[in-house]
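Enquirer: I am attaching a structure below and will ask some questions about it afterwards.
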Amino acid sequence: MTSTTRHEILSLIKRHGPLTVQELSRRLGITPMGVRQHLAILERDGQLRPNGIRRGQGRPSRVYGITPEGDKVFPRTYEEIATSLLKDLRALDGDAKVDALFECRRTRQLEQYRTRITGKDLPDRVAILAKIRDEEGYLAESEELGTDTFALTEYNCPIRVIAEAHRQACGSEMALFTEVLGAEVARTEHLVAGAPRCRYIITRSRDRGAKP
């Protein structure tokens, strides 16, 4: 969001609950028409929506509330909390416990991925895996490089702060890809190492040619 005024509108509603155009106008010191222009943009972007009618002494007024999309504008500290918790876990129980935690995550993801990938041939498995990862925020895509050779590229890492502090996260994902694809997987570029993306080369393994 580029408009300071629109951010102030979201902040006011976040603090005080759903507000009318007139209430926002008084708090912001701008005309109701100016407020409506900003509300139209916020509603178009899915960050605000009408949230009922407020009846008072005058005419009933529409009130506006924040949507889940609008709520994303406000700061989150999920990664910092997760990193701190993993650091505390390592201090209390050592790296083995952190390894076990990432292994639990890998196992859970494996089961989730398999429900969509099982029974497919390798080209389809790679394409579906890229779609799943894209849905998870990795900005992923796949391509066929040659006979039985594919690339999976991820341009974003939603857990980058965690991965930089705990390399088990990256190792766990490598193991996940290898198992769910039933193929050989090699990472050739790595965001955490300073590359602009993570890139994996996938090749069909002769002894793992069966569908997982």
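Enquirer: When the residues of the range 42-92 are narrowed to those that are of a type in the set (Ser, Thr, Tyr) and surrounded by 11 or more Cβ atoms within 10 Å (Cβ to Cβ), which ends up nearest to ILE9 (Cα to Cα)?
Expert: Our first condition is that a residue be of a type in the set (Ser, Thr, Tyr); within the range 42-92, this holds for 61, 64, 67, 77-78, 83-84.
Right, trim to surrounded by 11 or more Cβ atoms within 10 Å (Cβ to Cβ) and you get 61, 64, 67, 78, 83-84.
Values: SER61: 17, TYR64: 10, THR67: 13, TYR78: 25, THR83: 32, SER84: 33 Å.
Looking at the filtered set, the residue picked out is TYR64.
Enquirer: Now for a separate question. Using the structure shown, decide if PRO158 is over 15 Å from ARG199 (Cα atoms), not small (Gly, Ala, Ser) and not in a helix (DSSP H, G or I). Step through it out loud before you land on a result.
Expert: On the way: over 15 Å from ARG199 (Cα atoms): yes; not small (Gly, Ala, Ser): yes; not in a helix (DSSP H, G or I): yes.
Answer is yes for this residue.
Enquirer: Being part of a helix (DSSP H, G or I), without any contact (Cβ under 8 Å) to a residue 40 or more places away in the chain, more than 30 Å from GLU43 (Cβ to Cβ) and charged (D, E, K, R) narrows it down to one of LYS87, LYS97, so name that one.
Expert: Numbers: LYS87 fails: without any contact (Cβ under 8 Å) to a residue 40 or more places away in the chain.
Selected residue: LYS97, the only one of LYS87, LYS97 that is part of a helix (DSSP H, G or I), without any contact (Cβ under 8 Å) to a residue 40 or more places away in the chain, more than 30 Å from GLU43 (Cβ to Cβ) and charged (D, E, K, R).
Enquirer: Could I ask something else about it? Does any residue of the range 160-168 turn out to be surrounded by 14 or more Cβ atoms within 10 Å (Cβ to Cβ) and more than 25 Å from THR83 (Cα to Cα)?
Expert: Checked against the condition, which is being surrounded by 14 or more Cβ atoms within 10 Å (Cβ to Cβ) and more than 25 Å from THR83 (Cα to Cα), the range 160-168 yields no hits at all.
Enquirer: If I ask for residues that are in contact (Cβ under 8 Å) with a residue 60 or more places away in the chain, among the β-branched types (Val, Ile, Thr) and in a helix (DSSP H, G or I), which ones from the range 72-84 would you list?
Expert: Answer for the range 72-84, where residues must be in contact (Cβ under 8 Å) with a residue 60 or more places away in the chain, among the β-branched types (Val, Ile, Thr) and in a helix (DSSP H, G or I): just THR83.
Enquirer: Same structure, new question: Being in contact with a Lys or Arg (Cβ under 7 Å, 6 or more places away or on another chain), under 13 Å from ILE201 (Cα atoms), assigned to a strand (DSSP E or B) and among the hydrophobic types (A, V, I, L, M, F, W, C), is that true of even one residue in the range 147-155?
Expert: Restricting attention to the range 147-155, the residues satisfying the condition of being in contact with a Lys or Arg (Cβ under 7 Å, 6 or more places away or on another chain) are 148, 151, 153-155.
The next check asks that each one be under 13 Å from ILE201 (Cα atoms); those that pass are 148, 151, 153-154.
If we keep only those that are assigned to a strand (DSSP E or B) too, we end up with 151, 153-154.
Cutting the leftovers down to among the hydrophobic types (A, V, I, L, M, F, W, C) gives us 151.
So far as the range 147-155 goes, yes, one or more of its residues are in contact with a Lys or Arg (Cβ under 7 Å, 6 or more places away or on another chain), under 13 Å from ILE201 (Cα atoms), assigned to a strand (DSSP E or B) and among the hydrophobic types (A, V, I, L, M, F, W, C).
Residues checked against (1) of a type outside the set (A, V, I, L, M); (2) more than 29 Å from GLU179 (Cβ to Cβ); (3) under 29 Å from the mean Cα position of the chain (by Cα):
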| position | (1), (2), (3) |
| --- | --- |
| ARG44 | yes, yes, yes |
| SER61 | yes, yes, no |
| PRO75 | yes, yes, yes |
| GLU80 | yes, yes, yes |
| GLN112 | yes, no, yes |
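Enquirer: Quick check on my filter: what residues within the range 111-133 are surrounded by fewer than 17 Cβ atoms within 10 Å (Cβ to Cβ), touching a residue at least 24 places away in the same chain (Cβ under 8 Å) and assigned to a helix (DSSP H, G or I)?
Expert: ARG114, PRO123 - these are the residues of the range 111-133 that are surrounded by fewer than 17 Cβ atoms within 10 Å (Cβ to Cβ), touching a residue at least 24 places away in the same chain (Cβ under 8 Å) and assigned to a helix (DSSP H, G or I).
Quick note: the coordinates plus some simple rules give every number you see, no bench work behind them. In this text the structure is predicted, and so the values were computed from the model without any measurement. Note that we place each Cβ from the backbone using ideal geometry, even for glycine, and neighbour counts take in every protein chain shown.
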